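For reference, the structure discussed in these notes is given below.
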Amino acid sequence: MYKAAERVRDLKAWQWMEEDDIFAVVNPDNPTEIGFCSILGSEGNFTALAIYKGWEGYDSYVNLRNSAGIENRVYMINVGFLQSCWMVEFTSAADMQRSSKNQLKELGIKYSGKGNWIDITDRKPGLLPWYVSEDDVVFITTCINQFFEIALRAEDDVAFLHQSNPKYQARALSDENLDETYDDTMLVFRKADRRPDGKLNWYDVPTDISTMSVEMDASGRITPSIAAASLREKLSQKDTCLMIGMMVIPAPIQEAEEDAPYLTILLVYLLYGQKRILRQELYRYEEMKPDFERVLLEVFGSLEYIPSQVLVNMDLTATWLDAHAELYGIDVYVDPEDENFLDCFGEFTQFFQDIS
């Protein structure tokens with residue numbers, strides 16, 4: 001894995017490739033596992049290869065890309081700590097993660113010079129960067145090697161990673177009001193067939209990413225329970241807006257030396273235009289989604305009505321709300337820079353700064 005990463009480091013593909021020159025690698029031994037490869041460093045301040053893990057990882061990449069231009073500190077912390085990827089960073093000894101230093105020491109690998117140290121970490125939502133699992137090493141190495149091959153091709157012509165979407169072109173000819181968010185590009189998937197001699201034959205499969213949107217959305221949706229359906233019959237709807245805000249608290253907690261430090265995440269519920277917080281909950285990342293519906297229904301119960309609108313500051317919670325919004329006829333909006341969120345989290349941010 002490290003030898004493969006050294007080839008990518010020395011290639012310096014960030015000199016001709018950018019972050020959105022992304023492509024997917026399908027695990028030949030497990031076709032359900034996908035790594036989305038994106039090179040970082042074209043702006044010269046951070047050089048790395050990010051391998052986003054599956055559709056959750058791809059979604060975290062999209063959120064990170066879409067955060068450009070948003071200066072809200074809470075939102076940027078949220079997006080940064082909700083990434084799902086393996087990061088292969090080319091850095092200096094002083095900037096290495098502690099877990100990575102220990103890994104190199106165990107392997108007997110040494111580097112020298114700024115930008116030559118290789119820091120390979122597993123980045124999971126709500127956790128600080130940590131050791132890569134031995135179970136993931138083979139696929140990570142496959143992704144790194146495939147990136148090397150793609151980067152060599154991209155040096156001559158990167159356009160093959162940005163092929164036009166025929167479906168989009170067809171719609172553009174017939175629909176003057178074409179939705180601008182509809183994807184005009186195909187995403188290249190790298191797949192492999194195993195030959196009789198056991199070696200792999202890799203090939204490109206340009207893919208319409210929009211055809212997979214249903215699968216991607218379904219993985220994040222929360223199916224309403226019987227209790228949610230019955231609440232619709234008990235409560236009327238009122239023309240108000242409920243706000244649900246998420247804030248990752250950048251204060252790591254480590255319960256055992258062998259475990260990755262985790263960050264607690266705050267969810268707050270309040271009515272638009274009112275500073276009084278209706279409900280607040282602290283979670284570890286993996287606890288939030290399973291508990292989300294329970295708290296949402298309790299908030300509706302305490303209000304004694306169902307709001308007509310819900311405003312959230314993260315796409316993640318908008319996805320969780322999707323099925324319930326359909327059930328209750330709620331309009332959901334995402335705006336991390338709404339002044340109500342800024343006021344609410346500004347007070348929390350100051351509080352955590354005061355006690356730290």
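Those strands (runs of 3 or more DSSP E) of the stretch 46-125 that lie entirely within it include none in which at least 3 residues are in the same structural domain as GLU337 (by TED's automatic domain parsing) and in contact with a strand residue (DSSP E or B) (Cβ under 7 Å, 6 or more places away or on another chain). Return yes when LEU152 is at pLDDT 70 or above, closer than 24 Å to PHE90 by Cβ, part of a helix (DSSP H, G or I) and over 23 Å from the mean Cα position of the chain (by Cα) and no when it is not. Taking the combined requirement at face value, the residue satisfies it. Applying a threshold of 6 Å to beta carbon distances and a minimum spacing of six or more residues, or different chains, the list of pairs starting in the stretch 155-170 at a residue that is under 20 Å from VAL25 (Cβ atoms) and at pLDDT below 90 and ending at one that is outside any helix (DSSP H, G or I) and of a type outside the set (Val, Ile, Thr) reads GLN163/MET186; GLN163/PRO206. Among residues of the stretch 32-47 that are at positive phi, those with a beta-carbon under 8 Å from a residue that is of a type in the set (Ser, Thr, Tyr) at least six positions away or on a different chain give the pairs GLY41/THR47. Report, by residue number, each residue of the stretch 139-166 that is of a type outside the set (Asp, Glu), surrounded by fewer than 18 Cβ atoms within 10 Å (Cβ to Cβ) and closer than 16 Å to SER42 by Cβ. Answer for the stretch 139-166, where residues must be of a type outside the set (Asp, Glu), surrounded by fewer than 18 Cβ atoms within 10 Å (Cβ to Cβ) and closer than 16 Å to SER42 by Cβ: VAL158, HIS162. Within the stretch 21-31, the presence of a residue that is free of Cβ contacts under 8 Å to residues at least 40 places away in the same chain and buried (at least 20 other Cβ atoms within 10 Å of the Cβ) is excluded.
Contact annotation: residue pairs with Cβ atoms under 6 Å, 6 or more positions apart or on different chains, pairing a residue in the stretch 2-15 that is within 15 Å of VAL137 (Cβ to Cβ) with a partner that is among the β-branched types (Val, Ile, Thr), are TYR2/ILE109; TYR2/ILE118; ALA4/THR141; ALA4/ILE144; ALA5/VAL88; ALA5/ILE118; ALA5/ILE144.
Looking at SER42, SER38, just one residue is part of a loop (DSSP other than H, G, I, E, B) and within 15 Å of ALA154 (Cβ to Cβ), and that residue is SER42. Counting only strands (runs of 3 or more DSSP E) wholly contained in the stretch 253-356, the ones carrying 3 or more residues that are buried (at least 17 other Cβ atoms within 10 Å of the Cβ) occupy 265-271, 306-312.
The values are calculated or read from the model by the stated rules, or taken from the named source; none is laboratory data. Everything quoted here is computed from the prediction, not taken from an experiment. Virtual Cβ from ideal backbone geometry, glycine too; neighbours counted across all protein chains shown.
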